[in-house]
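The values are calculated or read from the model by the stated rules, or taken from the named source; none is laboratory data. All of these numbers come straight from a predicted model, not from anything done at the bench. Note: ideal-geometry Cβ built from the backbone for every residue, glycine included; neighbour counts use all protein chains shown.
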């Protein structure tokens with residue numbers, strides 16, 4: 001077996017071993033380059049990966065004497081450009097091995113010729129790196145001898161390319177599995193928080209109690225970093241924290257929040273969410289708040305991302321609910337949807353609280369009217385049954401206290417030839433105390449300037 005081919009087989013073996021031991025794609029790339037260069041007869045072995053915009057291949061890993069040059073060259077994916085017409089760009093586009101056995105005289109290598117001459121590059125090849133059938137980059141090799149890449153070496157290159165691509169697909173599947181498991185754990189936590197929120201809605205006795213229970217559920221059940229509720233102050237543009245759970249709550253409470261767009265404190269997320277009644281997801285709080293009144297607070301609190309949703313009652317914004325979360329949670333549509341569902345459930349509960357309060361108010365009003373009718377009925381009965389004025393007054397006071405549930409009832413009559421009112425009947429727990437009080441009909445003395453004297457003088 002020729003020496004060159006033997007060394008290439010050795011490189012294949014070393015690369016396969018590198019594939020077995022690599023723990024990540026980045027580690028794989030470097031191990032492959034190290035193994036390929038150490039075992040093969042190459043000037044350099046390098047990996048180029050496509051950039052996110054898909055226009056260029058960037059240097060990602062490499063080993064060898066030609067690495068300094070390869071690290072600095074530009075390779076594009078566009079065949080219409082000189083930098084995209086070489087072996088790297090062609091291998092990436094065609095997803096096939098591409099070789100140049102006379103690199104310095106190859107018209108497709110013109111863009112890199114000056115550097116290649118200095119590096120004494122005689123031949124070059126690019127092997128496509130594939131993942132699920134799509135090109136993600138190339139394995140790029142250079143050699144000293146012109147015409148040194150023969151059919152046997154090409155066959156081995158193809159096996160190397162296939163083995164690396166297989167390893168990349170395994171990494172992607174494993175990464176997807178881990179991501180899926182993490183996402184499932186996150187979703188399970190958030191479903192638990194949603195369940196705890198619903199339980200809080202059932203158990204809460206007041207709105208403030210509800211807010212605190214929901215904050216507790218989001219942090220302790222859903223693992224939100226911090227959750228807090230802002231409510232609008234009555235007849236004001238300010239929002240006040242009324243419930244909070246989680247980290248750095250003192251910093252959250254120190255910050256100011258407004259719904260006024262003309263106020264510096266009203267131009268942030270809370271003001272916008274309150275005014276538009278639309279939820280917001282921000283996965284870069286540091287960047288968004290830079291140069292604003294909240295910049296230092298977010299830096300000190302370590303807040304990186306948040307979900308903010310409006311609290312709406314009968315179509316009117318009453319506050320904002322904030323969830324501080326990690327960046328990965330803010331980018332997870334399932335997590336965001338569950339957080340918004342929690343807020344919607346809170347809004348639904350607020351409307352139920354209103355309806356319950358209305359029902360309670362109606363019940364109280366009905367009870368009050370029933371007591372008044374009972375007192376009126378008892379008063380009419382007293383008028384019929386009384387045999388004297390004194391008895392009439394006593395019966396009317398007793399009927400008012402017992403039927404209408406008044407704290408006390410008193411009748412006072414004007415004393416002839418004086419400016420005083422004399423208590424002639426009184427009922428209730430403090431009847432004896434009332435009888436000892438002094439009432440006047442004139443406003444010239446303090447005893448006549450209260451409700452009793454005013455009522456006597458005005459007839460109202």
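Quick notes on this structure:
- Within the range 20-57, the residues that satisfy the criterion of being touching a strand residue (DSSP E or B) at 6+ places or on another chain (Cβ under 8 Å), assigned to a helix (DSSP H, G or I) and within 21 Å of residue 156 (Cα to Cα) are 29, 30, 32, 33, 34, 36, 37, 38.
- Of all the numbered requirements in (1) at pLDDT below 90; (2) in contact with a helix residue (DSSP H, G or I) (Cβ under 6 Å, 6 or more places away or on another chain); (3) within 17 Å of residue 87 (Cα to Cα), residue 158 misses one, and that requirement is (2).
- If you filter the range 428-460 down to residues that are crowded, with 17+ Cβ neighbours inside 10 Å and outside any helix (DSSP H, G or I), you find that the one that is nearest to the chain's Cα centre (by Cα) is 428.
- Answer from 124, 116 - the residue that is crowded, with 19+ Cβ neighbours inside 10 Å, under 22 Å from residue 60 (Cα atoms), out of contact with any strand residue (DSSP E or B) (no Cβ under 6 Å at 6 or more places or on another chain) and modelled with pLDDT of 90 or more: 116
- Condition check for residue 199 on (1) surrounded by fewer than 17 Cβ atoms within 10 Å (Cβ to Cβ); (2) more than 18 Å from the chain's Cα centre (by Cα); (3) within 16 Å of residue 321 (Cα to Cα): one failure, at (3).
- Flag for residue 17 being in a helix (DSSP H, G or I), closer than 20 Å to residue 161 by Cα, at pLDDT 90 or above and in the same structural domain as residue 162 (by TED's automatic domain parsing): no
- Test result for residue 374, assigned to a loop (DSSP other than H, G, I, E, B) and at pLDDT below 75: no
- In the range 204-229, the residues that are in the same structural domain as residue 329 (by TED's automatic domain parsing) reach residues that are assigned to a loop (DSSP other than H, G, I, E, B) and buried (at least 24 other Cβ atoms within 10 Å of the Cβ) with C-beta atoms within less than 6 angstrom, at least six apart or across chains, in these pairs: 218/224.
- Residues located in the range 139-160, provided they are closer than 12 Å to residue 99 by Cβ, in contact (Cβ under 8 Å) with a residue 60 or more places away in the chain and touching a strand residue (DSSP E or B) at 6+ places or on another chain (Cβ under 8 Å): 140, 141, 142, 143, 148, 157, 158
- Selection over the range 393-427 of residues that are touching a helix residue (DSSP H, G or I) at 6+ places or on another chain (Cβ under 6 Å) and either at pLDDT 85 or above or assigned to a helix (DSSP H, G or I) (or both) gives a count of 14.
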